[in-house]
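What follows draws every value from the coordinates through simple rules; no lab data is involved. On a predicted model such as this, the values are computed, not experimentally measured, just so you know. Neighbour counts are summed over all protein chains in view; Cβ atoms, including those assigned to glycine, are modelled from backbone coordinates with ideal geometry.
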Amino acid sequence: MSPGSLTTEFPHDSVAWIFVAGLVLFGTITPLLSSYAGLKRVGPSMVSVLTTLEPVLAIAAGVIFLGENLTINRVIGASFVIGALIALSVLEARTETSAGLGVTSP
């Protein structure tokens with residue numbers, strides 16, 4: 001089935017539209033504005049780290065609040081994300097240390 005063959009069905013009652021508006025507000029607008037506010041307070045490097053953790057937090061929220069199963073694929077994916085964060089923080093620490101000593105890194 002191709003995406004072009006799918007039909008769009010819009011909600012027919014006001015309660016459903018309120019839920020749609022809530023998803024837009026709390027699922028898109030609030031996180032976007034919060035990340036912009038966070039840029040001013042903690043800087044871009046910390047915001048990028050927190051943004052990278054988003055898939056891991058989404059898995060945790062799904063397991064806790066929605067009763068989803070924690071599969072091996074999700075654990076492996078979360079491990080890759082956390083491993084990348086650790087590797088980046090180690091590389092950043094080495095870069096800061098070598099910059100403080102006047103050593104240039106390749």
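Annotations
- The chain: radius of gyration over Cα atoms, expressed as a fraction of 2.2 N^0.38 Å: 1.57
- Packing-based exposure ordering (other Cβ within 10 Å, fewest first) of GLU9, GLU92: GLU9, GLU92
- Assuming charge only on the beta carbon of Lys and Arg (+1) and of Asp and Glu (-1), the dipole of the chain about its Cα centre is about 320 debye to the nearest 20.
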